[in-house]
Each structure stands twice: as C-alpha cells, then as structure tokens.
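Some notes on the structure that comes next.
The values are calculated or read from the model by the stated rules, or taken from the named source; none is laboratory data. Owing to the predicted nature of the structure, the values given are computational and were not obtained by experimental measurement. So basically every Cβ, Gly included, is an ideal-geometry build from the backbone, and we count neighbours across all protein chains shown. We work out accessible area using only protein heavy atoms, side chains counted, and drop any ligands, DNA or RNA first. Shrake-Rupley method; radii C 1.70, N 1.55, O 1.52, S 1.80 Å.
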Protein chains: 2
Amino acid sequence: MSQWKQIQQLDIKFLEQVDYFYDDNFPMELRQVMATWIENQDWETASNHESLATVLFNNFLIQLERQCSQEQNFLQRHNLKRIFHQIQVKYKATPLHMAAVICTSLREERRILSTASMQEQGPLEKSMQS
Amino acid sequence: MSQWKQIQQLDIKFLEQVDYFYDDNFPMELRQVMATWIENQDWETASNHESLATVLFNNFLIQLERQCSQEQNFLQRHNLKRIFHQIQVKYKATPLHMAAVICTSLREERRILSTASMQEQGPLEKSMQS
C-alpha cells in the first residue's frame with residue numbers, strides 16, 4: 001500500500017497534522033494524483049544535487065501534464081492545470097527547493113504514520129516491548 | 001438544471017473559456033460545491049450595496065463552513081478549508097468586491113451558454129429565424 005493510502009486511513013487527529021503542512025508549496029492534489037510516482041523518486045539525494053533535482057522537476061511536469069490531459073472531470077482538470085503553472089513558475093529556477101519541500105513532506109508523513117502506529121498499540125504491548 | 005450543470009455539459013472549446021476566468025478570486029471548487037446557493041443570491045444588487053454584500057459574504061462563509069464539516073473526502077475537505085481562509089482574508093474588508101467578482105462570473109457563464117446555444121443551431125434554422 002502506498003504511503004499516501006496509509007495516510008488517508010489515519011484517524012482525524014493525525015489527518016489534521018497532515019493537513020497542516022500541505023499548502024501551495026506542495027499542493028495536496030499533486031500528492032494524491034502522483035502518489036506512486038512521487039514515492040518512487042529519491043528526493044533526499046535530489047535536495048542536495050541540482051542536476052538530479054532539475055531532472056526530477058522536468059519529469060514531474062511531464063507526469064503532471066499527462067495527468068491533466070487524461071483527466072475527464074472538468075473541475076479536476078482545471079485544478080491540475082492551475083497547479084501545473086503554479087509549480088512551473090515557483091520552482092523553475094529553484095528545483096532544489098522543490099526537492100527539499102517534497103522530501104520534508106514525505107519524511108513528515110512517515111513520522112506521523114509512525115506516531116499513529118505507536119499509539120495504536122495498547123499499553124500492555126508497549127510495556128512488553130520495553 | 002442549474003446554470004453550473006449546463007456549463008459542464010458544454011463542448012471543450014467553451015469549457016476552455018470558462019476555465020480562463022476562474023482563478024483564486026473565485027475558486028472553481030466554490031462554484032461547484034455551492035452551485036445552487038450561489039445562483040439563488042442577488043449578486044448584482046449586492047455588488048452595489050455594501051450592506052447586502054456583507055450579509056452575502058457572511059452567509060457564504062457559513063455555507064462554506066457547513067460544506068467543510070460535511071465533506072468526507074480528506075483532499076476535498078483540505079481544499080475547502082484552504083479556500084475558506086483564502087476567501088475570508090481576501091474579502092473581509094471588501095465584500096462588494098466579492099459580490100462583483102461572482103456577479104461577473106455568472107454573467108460571463110450566461111454569455112458563453114448563449115453563444116454555445118446559438119452555435120448549436122444549424123445554418124438553416126438560423127436563416128429561418130432571421
């Protein structure tokens with residue numbers, strides 16, 4: 001199961017934490033429509049290597065353009081087009097910044113998933129593990 | 001059928017015209033989730049009367065908050081919350097401006113629907129009407 005699918009199954013109190021760090025720097029639509037592709041890229045390395053960051057930025061736009069052209073729903077297509085232009089303008093000169101934003105978001109998601117998983121364990125299980 | 005439903009049934013060339021004038025001043029999500037309510041308000045009068053514009057602005061936020069709380073989909077709820085804050089900040093001091101933006105959008109939609117309807121009529125029907 002993708003990390004994003006796991007996130008969506010969390011309780012509302014954890015979802016609110018996810019809600020908090022998704023904004024125009026990394027719109028949640030992108031996270032959702034490109035979930036698997038995003039999770040398969042090495043954003044950590046890219047956030048420190050401009051050449052890889054540039055390749056990922058360009059591939060990101062190609063993937064997003066494909067999603068736009070395949071989208072049948074008028075509102076969804078409108079939103080994806082708007083986000084395409086927004087991302088293009090925002091990160092064209094700073095692909096390292098985009099890589100860092102995505103890397104941080106994915107890391108933050110993993111932290112929330114881990115916290116949620118810990119809290120799901122009952123006190124007895126926790127004491128047996130310690 | 002609501003005006004917004006009619007819009008969504010237009011050919012792609014007309015949809016692109018609609019696409020063009022929906023932006024952050026009046027996000028298309030709002031147009032969609034509050035279609036009937038929006039179409040039942042007198043935005044034309046409100047765009048010239050600050051007291052009515054203020055009432056509509058406040059009611060708009062109440063309706064939008066209700067939509068947020070009822071929305072089950074995580075991404076949609078996230079988007080509606082983001083838009084709620086965006087609209088609140090943008091038009092709190094200028095409800096007349098919001099009324100004018102909505103009034104213009106609805107008028108523009110009617111113009112596009114009317115053009116599309118004219119173009120659907122065949123040349124023979126048009127010549128018989130003239």
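Some observations on this one:
- Most to least packed among B:18-24, A:97-103 [average Cβ atoms within 10 Å]: A:97-103, B:18-24
- For the protein assembly as shown, the normalised intensity computed at q = 0.07, 0.08, 0.17 Å⁻¹ comes to -0.34, -0.44, -1.32 (log10 of I(q)/I(0), Debye sum over alpha carbons, equal scatterers, no solvent).
- Label-point spacing at residue B:114 relative to the other copies reads 6.2 nm, in ascending order, each point sitting 7 Å out from Cα along Cα→Cβ.
- For residue B:5, a cut-off of 17 angstrom between C-alpha atoms picks up these aspartates and glutamates, skipping any fewer than 8 places away in its own chain: B:16, B:19, B:29, B:39, B:108, B:109.
- For the protein assembly as shown, the carbon plus sulfur part of the accessible surface works out to 50%, probe radius 1.4 Å.
- Look at the Cα gyration tensor of the stretch A:3-113: its axes a ≥ b ≥ c give a/c of at least 1.5 with a/b at or below b/c, and that counts as oblate.
- Per-residue Karplus couplings for the stretch A:48-58, computed as 6.51 cos²θ - 1.76 cosθ + 1.60 with θ equal to phi - 60°, are listed in order as 10, 9, 4, 5, 5, 4, 5, 4, 5, 4, 5 Hz, Gly and Pro entered as x.
- Probe 1.4 Å, all protein chains present, accessible-area order of A:52, B:80, largest first: A:52, B:80
- Chain B residue nearest the rotation axis toward A, with distance: B:79, 4 (Cβ to axis, whole Å).
- For the protein assembly as shown, the solvent-accessible area with a 1.4 angstrom probe is 56 square angstrom per residue.
- For residue A:97, inter-copy label distances in nm, listed shortest first [label point 7 Å out on the Cα-Cβ vector]: 2.5
- In Hz, Karplus ³J(HN,Hα) per residue of the stretch B:9-17 (6.51, -1.76, 1.60; θ = phi - 60°; x = Gly, Pro): 8, 6, 5, 4, 5, 7, 4, 5, 5
- Sorted from nearest, the other copies put their residue A:63 label points 3.8 nm away, the label point being 7 Å from Cα in the direction of Cβ.
- Summed buried accessible area for A+B [probe radius 1.4 Å, Å², rounded to 100]: 1800 Å²
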